[in-house]
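Notes follow the structure.
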Amino acid sequence: MIHEFIKYTSLFIALFSASIFEVFADYNRGWHFYEKGDYKNAISHWSPLAKSGDSKAQTVLGMMYFEGSGVQKDLKRAIKWWLLAANQGDNKAQNTLGTMYNHGTGVPKNYQEAVKWFKLSAEQGNPDAQFNLGVMFRKGLGVPLDLKKAIIWYKLAAEQEDAEAQQTLGEFYENGLGTKKSMNEALKWYHLAA
């Protein structure tokens, strides 16, 4: 009985590993074609993955529809793919949706919705989303203006070598925005941004 269990478990693991390897191989082949400018072949590798629920493939398909790379530019389809990926926790898709709502591109401008998506992405460590969330707090867009919270998000992005966040922190410390003025701290962030 135990031998039978081990046999079936080993078979399951082998099949599962092979299917995961195949998904990664198709995804990577898609990138290979994309980087060569062969968008049709990239789409042919990513579409089945996206339709089967692969969030990374959904995110890149959204990008292709947004850019019009190998397909007719279609913001509605781009948003559809990004929403599918974002709802699965893909932080790049979440940040992208935040940007779309922030600017009203392909969707109605909605700062609260932008903040929602930026926050979901930022909490996963996406430095672009962390910077974007800092901007929202700095300007009071979709959230109450709060320079201290802006600094928190800018620092998280800056610690991941986001030069724009580092530059912004330099400005905050130089001018005493939401924090005590400190030329030493300002110069540190300016130096890192350079």
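The values are calculated or read from the model by the stated rules, or taken from the named source; none is laboratory data. This structure is a prediction, so every number in the text was calculated from the model and none was measured. Cβ atoms come from the backbone with ideal geometry, glycine included; neighbour counts cover every protein chain shown. With ligands, DNA and RNA removed, areas are computed over all heavy atoms of the protein, side chains included. Shrake-Rupley method; radii C 1.70, N 1.55, O 1.52, S 1.80 Å.
Report, to the nearest 10°, how far helix 2-35 tilts away from the longest principal axis of the Cα atoms in the chain, using its own Cα long axis and a range of 0 to 90°.
For 2-35 against the chain, the angle is about 60 degrees.
Rg (Å, one decimal) plus Dmax (Å, integer) for the alpha carbons of segment 28-87?
Cα radius of gyration and Dmax of segment 28-87 are 10.3, 30 Å respectively.
With angles folded into 0 to 90 degrees, how steeply does helix 55-67 sit against the dominant principal axis of the chain? Use alpha carbons for both and round to 10.
Roughly 70 degrees, rounded to the nearest 10.
Go through Lys116/Lys180; Lys76/Lys149; Lys73/Lys116; Lys56/Lys155; Lys80/Lys119; Lys109/Lys180 and tell me which ones have a Cα-Cα distance over 31 Å in this structure. Present the calculation step by step, with values, prior to reporting the outcome.
Working: Lys116/Lys180 29 Å; Lys76/Lys149 33 Å; Lys73/Lys116 26 Å; Lys56/Lys155 27 Å; Lys80/Lys119 20 Å; Lys109/Lys180 34 Å.
In this structure, Lys76/Lys149; Lys109/Lys180 exceed 31 Å between Cα atoms.
Picking from Asp90, Asp146, Asp54, which is most flexible by a Gaussian network model of the chain using Cα springs under 10 Å?
Highest fluctuation among the options: Asp146.
What whole-number value in Å² describes the accessible area per residue of the chain for a 1.4 Å probe?
58 Å²
Given Gly62, Gln167, Ser44, which one lies farthest toward the positive end of the charge dipole of the chain, if we put +1 on the Cβ of every Lys and Arg and -1 on the Cβ of every Asp and Glu?
Value computed over the given set: Gly62.
Show which aspartates and glutamates lie in cross-link reach of Lys188 when reach means a straight Cα distance below 20 angstrom and same-chain residues fewer than eight apart are skipped.
The reachable aspartates and glutamates, counting only those whose Cα sits under 20 Å from Lys188, are Glu159, Glu161, Asp162, Glu164, Glu171, Glu174.
Which ³J(HN,Hα) values in Hz, rounded to whole numbers, follow from the phi angles of segment 171-182 under the Karplus curve 6.51 cos²θ - 1.76 cosθ + 1.60, where θ = phi - 60° and Gly and Pro get x?
5, 4, 6, 5, 9, x, 8, x, 7, 5, 4, 8
If you put +1 on each Lys and Arg Cβ and -1 on each Asp and Glu Cβ, how big is the dipole of the chain around its Cα centre, in Debye rounded to 20?
For this selection, approximately 500 debye.
In degrees, nearest 10, range 0 to 90: what is the angle between the Cα axis of helix 111-122 and the longest Cα principal axis of the chain?
Computed tilt is about 70 degrees.
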